Amino acid sequence: MKRLIILALIAITGFTQAQRSQLMGFVDSDVILGKMPEYQAAMRDLQDMAGKFEGEANQMKIALDQLQRDYLAEEVLLSNEQKKLRKEAIAAKEQELYQYREAKFGPNGTLVNERMKLVKPLQDKVYEAIQSVAKKEGYAFIFDKNGGALMLYADPKYDKTLEVMEALGITTTEDGPSKPLNGAGKPGAQGTGNQGGTGKPNSNKPGSKPPVNNSDSDE
C-alpha cells in the first residue's frame, strides 16, 4: 500500500511539473487589429459602403411612403380596379426594398462578402504572427482575450500582444497599444476573435419579412 501511495505521489508530481513546463500566454486581437493601418482603412471603406447602401435604401423607403400616402389620400376616388393596381404597385415597391436590403446587408450580402475579402487576410496575418511568437518563445498555449475564452484573471507579464504587434511590424508606444478606432468589430477568423458588424441597418433587418401594406383593411 505504501508503495502504491509513493508511486501515486511521483505521478502527481510529474504531472504538475509537466503542466508548469507548458507556458501559456494571451493576446488582445482587438488591439492588434486596431493598430494595423490596413485594418483601419478597411473599416473606413466598409463604413462608407454601408452608408451608401443605407442612403439608397432610405430613398427607396421615402418613395414607398409617398406611394402609400397618395393611395390613402385618393382611395375614395378610385375604382376597385384602380385600387387593385395601386396596391400591387405598393406591394412591388415593398418587395423591392426588402430584396435590396437582403442583397446588401443580408448574411450573404455585398457588405458581408466585402468584409470577408478585406478583413480575413489581415486576421490570417495576425494568426500567423501569433503562431510565430508562440513557437519562438516556447508557449504551448496562447489565448485571445476577445476570442470568447473565459479568463477570470490574467497576469500582465504573460500578455504577448506587444510581441505579436512587433512581429507584424506595428509601432508600439510606451503607454501601450491603443484600442481600435470607432469601435471596430472583433475579428472573425480562427484564433483571432469574433466577427463584428459594420454599418448594419437600423430597421428592416435582413431575414425579416417585408412590411405589410396597411391600406384598405387588407392588412
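The values are calculated or read from the model by the stated rules, or taken from the named source; none is laboratory data. Note that the structure is predicted; figures quoted are calculated from it, not measured. Don't worry about glycine lacking a Cβ; one is built from the backbone with ideal geometry, like all the others, and counts go over all protein chains shown.
Results for (1) out of contact with any helix residue (DSSP H, G or I) (no Cβ under 7 Å at 6 or more places or on another chain); (2) more than 30 Å from residue 92 (Cβ to Cβ), shown as yes or no for each residue.
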{"residue": "23", "(1), (2)": "yes, yes"}
{"residue": "26", "(1), (2)": "no, yes"}
{"residue": "40", "(1), (2)": "no, yes"}
{"residue": "45", "(1), (2)": "no, yes"}
{"residue": "52", "(1), (2)": "yes, no"}
{"residue": "55", "(1), (2)": "yes, no"}
{"residue": "58", "(1), (2)": "yes, no"}
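In region 60-88, the residues that are without any contact (Cβ under 8 Å) to a residue 60 or more places away in the chain reach residues that are hydroxyl-bearing (Ser, Thr, Tyr) with C-beta atoms within less than 6 angstrom, at least six apart or across chains, in these pairs: 86/71.
When 111, 122, 97 are checked against the criterion of being surrounded by 14 or more Cβ atoms within 10 Å (Cβ to Cβ), over 18 Å from the mean Cα position of the chain (by Cα) and at pLDDT 90 or above, 97 stands alone in meeting it. When residue 196 is tested against the conditions (1) under 13 Å from the mean Cα position of the chain (by Cα); (2) in a loop (DSSP other than H, G, I, E, B); (3) at pLDDT 50 or above, the lone failure is (3). Filtering region 38-61 for residues that are in a loop (DSSP other than H, G, I, E, B), modelled with pLDDT of 50 or more and not aromatic (Phe, Trp, Tyr) leaves an empty set. Filtering region 31-53 to residues that are in contact (Cβ under 8 Å) with a residue 24 or more places away in the chain and small (Gly, Ala, Ser) leaves 34, 42, 50, 51.
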